[in-house]
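The structure under discussion appears below in the form of C-alpha cells.
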C-alpha cells in the first residue's frame with residue numbers, strides 16, 4: 001500500500017522512536033497521523049491529532065478504535081524495557097510488566113484495529129519487535145522474552161489477517177538511539193537513528209514486506225543465526241561475562 005495519503009496511528013508517539021514514526025509518516029505524505037500517548041501534549045502540526053492512549057487500558061484502546069475509525073496504518077511502537085537478566089530476584093516481576101505492555105497491550109491494539117483496517121481496505125500494521133525477538137541478550141533477558149512472544153503474536157496475526165488484506169510486518173533493529181537503549185548499550189555499540197528505523201518500516205509497508213531488518217545489527221544477527229550460530233552463542237556468553245567490565 002501507499003504511505004502517501006494514508007491515515008496512521010502510532011502508539012508511544014510522544015518521544016523516541018514513536019516521535020520519529022510520526023515525523024517520517026508526515027514526510028512521506030501521510031494525510032493524518034494520530035499520535036497515541038499516555039500523557040497528552042499538543043501538536044503544532046494540523047495533520048497530527050494527539051490521542052490519549054495507554055495500550056494496557058482496555059477503555060483507552062476501545063476509545064481509540066472508535067475515535068480513529070479511518071486508520072489505514074497502525075504502528076505498534078509503544079513498549080517498555082526494564083533491562084533485567086533472568087536469574088535475579090525481580091526478574092519475574094519485570095517480565096510480567098514487560099509482557100503486559102509489549103505483548104498483551106500490543107495484542108489488544110491489533111485486535112481492536114483489525115476490524116478498522118478491514119473496513120478501510122485492509123491496510124497495514126507494523127509491530128516494533130527487536131533483534132532480541134530472535135536471540136536472548138542476557139542483560140535484558142526478560143525484555144527479550146516479551147519480544148519472543150510478540151514475534152509469535154505477529155507471525156500468527158499475519159496468517160490470520162491475510163484474507164482481509166491486512167499486511168502485518170515485524171520490524172527488527174538493534175540498539176536504537178533513544179532513551180530506552182541509553183542504559184544498556186555500551187559506548188562502542190553503534191546506535192541506529194530512530195528516523196532510519198521509521199523510514200525503513202515505511203519502505204517495507206510500500207513494498208509489501210513481512211519483515212523489515214532496519215539496521216546493520218539486525219542484518220548481521222540474521223546472517224549469524226544462519227551461518228555461524230555457535231559464534232553468535234559465544235558472543236552472547238561474552239556479553240554476560242564482560243557485563244561489569
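Residues in segment 118-137 that are under 30 Å from residue 241 (Cβ atoms) and at pLDDT 95 or above: how many? Spell out the reasoning first.
From segment 118-137, those under 30 Å from residue 241 (Cβ atoms) are 128-137; that's our starting set.
Still in the list and also at pLDDT 95 or above: 128-135.
Adding up the residues that qualify gives 8.
Only one of the numbered conditions (1) surrounded by fewer than 16 Cβ atoms within 10 Å (Cβ to Cβ); (2) more than 19 Å from residue 166 (Cβ to Cβ) is violated by residue 5, and that is (2).
In this structure, does residue 142 turn out to be out of contact with any helix residue (DSSP H, G or I) (no Cβ under 8 Å at 6 or more places or on another chain) and at negative phi? Here the answer is no, as residue 142 does not meet what is asked. Entry remark, segment 63-84: residues being over 20 Å from the mean Cα position of the chain (by Cα) and without any contact (Cβ under 8 Å) to a residue 60 or more places away in the chain number 4 in total.
Among the residues of segment 153-163, are any touching a strand residue (DSSP E or B) at 6+ places or on another chain (Cβ under 6 Å) and in contact (Cβ under 8 Å) with a residue 60 or more places away in the chain? Checked segment 153-163: no residue is touching a strand residue (DSSP E or B) at 6+ places or on another chain (Cβ under 6 Å) and in contact (Cβ under 8 Å) with a residue 60 or more places away in the chain. Residue-level check: of (1) within 30 Å of residue 236 (Cα to Cα); (2) assigned to a helix (DSSP H, G or I); (3) in contact with a strand residue (DSSP E or B) (Cβ under 9 Å, 6 or more places away or on another chain), residue 127 misses just (2).
Restricting to segment 219-235, what's the tally of residues that are touching a strand residue (DSSP E or B) at 6+ places or on another chain (Cβ under 9 Å) and free of Cβ contacts under 8 Å to residues at least 40 places away in the same chain? Break it down into steps so the answer makes sense when it comes.
Going through segment 219-235, the residues touching a strand residue (DSSP E or B) at 6+ places or on another chain (Cβ under 9 Å) turn out to be 219, 221-222.
Still in the running and free of Cβ contacts under 8 Å to residues at least 40 places away in the same chain: 219.
Residues in segment 219-235 being touching a strand residue (DSSP E or B) at 6+ places or on another chain (Cβ under 9 Å) and free of Cβ contacts under 8 Å to residues at least 40 places away in the same chain: 1 in total.
Listed by position, the helices (runs of 4 or more DSSP H) contained in segment 1-101 that have at least 2 residues being modelled with pLDDT of 95 or more and touching a strand residue (DSSP E or B) at 6+ places or on another chain (Cβ under 6 Å) are 16-27. Is it true that some residue in segment 134-144 is within 30 Å of residue 85 (Cβ to Cβ), in a helix (DSSP H, G or I) and within 14 Å of the chain's Cα centre (by Cα)? Yes, segment 134-144 contains a residue that is within 30 Å of residue 85 (Cβ to Cβ), in a helix (DSSP H, G or I) and within 14 Å of the chain's Cα centre (by Cα). Scan segment 22-62 for residues that are touching a residue at least 40 places away in the same chain (Cβ under 8 Å) and more than 23 Å from residue 104 (Cβ to Cβ) and the total you get is 5.
Within segment 10-23, is even one residue at positive phi and crowded, with 24+ Cβ neighbours inside 10 Å? So that I can check it myself, show each step before the final result.
Filtering segment 10-23 down to residues at positive phi leaves 12, 16.
This time we only want the ones that are crowded, with 24+ Cβ neighbours inside 10 Å, so: 12.
Yes, the conditions are met somewhere in segment 10-23.
Within segment 101-134, which residues are within 30 Å of residue 191 (Cβ to Cβ) and free of Cβ contacts under 8 Å to residues at least 24 places away in the same chain? 132, the sole residue that qualifies.
Can you tell me how many residues in segment 206-220 are in a loop (DSSP other than H, G, I, E, B) and either in contact with a helix residue (DSSP H, G or I) (Cβ under 8 Å, 6 or more places away or on another chain) or buried (at least 16 other Cβ atoms within 10 Å of the Cβ) (or both)?
Adding up the residues that qualify gives 4.
Somewhere in segment 167-175, is a residue over 16 Å from the mean Cα position of the chain (by Cα) and more than 24 Å from residue 92 (Cα to Cα)? No - not one qualifying residue is present in segment 167-175.
The values are calculated or read from the model by the stated rules, or taken from the named source; none is laboratory data. Because the structure is predicted, anything quoted here is derived from the model rather than measured. Cβ atoms come from the backbone with ideal geometry, glycine included; neighbour counts cover every protein chain shown.
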